[in-house]
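For reference, the structure is listed below as structure tokens.
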């Protein structure tokens, strides 16, 4: 398969003169330059993704206080961390299904509403049981927002520069993680743990305004044969373009392309056409969940209980790891369209594994040495993690794209459920080095899987990538 430039030539006809077909909608999307509506969509949907990152890791800053407040055992701590992941597992299936049936923007708005309401409620939780139950419910929104948002941003971007476009959006997730850790380090000691969850309630605003301010995905509308609605959605983007629009690529070429492929169903994710891709996606997302939740969430507690660091120092060291995560994501966004998706994932995961091995080798040294290797591992993980948000939607056709992303997110949540328990068991047994070695094996195996089973998607129109 060639690039978009090799695939189609240029037409002399304007898109508005074309009949409303799936091909004409795709052609108009592929000729769109950067515009104000795309900026608005990235800001508002990005706000949802920012608070997804903020709320998903807020437990890390509040956990040391909650352990003392409710006198939690190691098993209860692991259950508390995993409770959010249980809800996220179900949300990773529910909201992509909603997105396929009712639209991407509607699904993002509904998931944001759940995130906001339950975050505020967590701040009022009177007991451990109530708090854990609310985190399960909040998980429905947290698990559903990310894959749908990634799907939407992919679908409104064109092939040229799509990786950079999507990843500069997705960088708001690690920024949300950083903001949660940074604000947690400052807010929790001064205003109490509840303040973190009241701040995390801000996504509730998006439930009321998102559908009014952001157009639905034209690709999804065209796939559902709502061609007039798709035309209006593309027009909403076109109207905010500065200057004259260039002639679109030939709609007939795109129409012929989409007509060659049947409408896919959920079962096709595991069928011959997409089985290898789905296996690669599973390993990719399991790695992200295993390391993110098995390590990042536990770090402040490990620094306090194993290395006896003061609370403020433990929180500050976690912030340093988040900073490297943001820097790694930014570097990745600038390179992904030049070197490709697979090389970034593979190299970053192998180096992440090496950093975790070094953390295990040096686990008996000072907290600063261990924290340095952990921060480096999380920074490298962030490169592969953020690339997953552009890579996964590219692997599936529009009819099952959100569900494919949801399945990937579900694997992340499955890993997130078990990873905290593994770290808890090894830490309590005094085998912190074993925990690091187990964590290191996961990204190494994922790099092998992506290398052997994945395809390269750089520079191709989404419809070209359909199997």
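Since every read-out is calculated from the coordinates, none of them should be taken as a lab result. Fair warning: this is a prediction, and the values are worked out from it, not measured in the lab. Heads up, the Cβs are rebuilt from the backbone with ideal geometry, glycines too, and the neighbour counts pull from every protein chain shown.
Each of the peptides 390-398, 139-147 was scored by the mean count of other Cβ atoms within 10 Å over its residues; in descending order, highest first, they stand as 139-147, 390-398.
Taking only the C-alpha atoms of segment 214-286, the Rg (one decimal) and the largest Cα-Cα distance, Dmax (whole number), read 16.8, 46 Å.
Calculate for the chain the 222 nm mean residue ellipticity that helices alone would give, adding -39,500 (n - 2.57) per DSSP H run of length 4 or more and normalising by residue count, nearest 500 deg cm²/dmol. Let's see the in-between values first.
On the way: 20 runs with 349 residues, N = 467.
Helices in the chain give a 222 nm mean residue ellipticity of -25000 deg cm²/dmol.
Working from Cα pairs under 8 Å separated by at least six residues, relative contact order for the chain is 27 percent.
I need the Debye-formula profile for segment 160-242: one equal scatterer per C-alpha, no solvent, reported as log10 I(q)/I(0) at q = 0.16, 0.18, 0.22 1/Å, two decimals. Result of the Debye calculation: -0.87, -0.96, -1.11.
Given segment 4-465, report the % of alpha carbon pairs whose separation exceeds 44 Å. Don't skip to the answer; put the middle values down first.
Details: 12699 of 106491 pairs.
Result for the distance tail: 12 percent.
For the chain, take the longest principal axis of its alpha carbons; what is the angle in degrees between that and the long axis of helix 432-453, to the nearest 10 within 0 to 90? Compared with the principal axis, the helix lies near 10 degrees.
What distance in nm separates the two pseudo spin-label positions at residue 362 and residue 209, each 7 Å out from Cα along the beta-carbon direction? About 4.5 nm, to one decimal. Quick one, what does Rg over Rh come out to for segment 276-429 if you take C-alpha atoms and the Kirkwood Rh? Taking Rh as the inverse mean 1/r over Cα pairs, Rg/Rh reads 1.01.
Computed from Cα positions, the angle between helix 74-102 and the longest principal axis of the chain comes to roughly 10 degrees.
Computed from Cα atoms, the angle from the helix 227-238 axis to the main principal axis of the chain rounds to 70 degrees.
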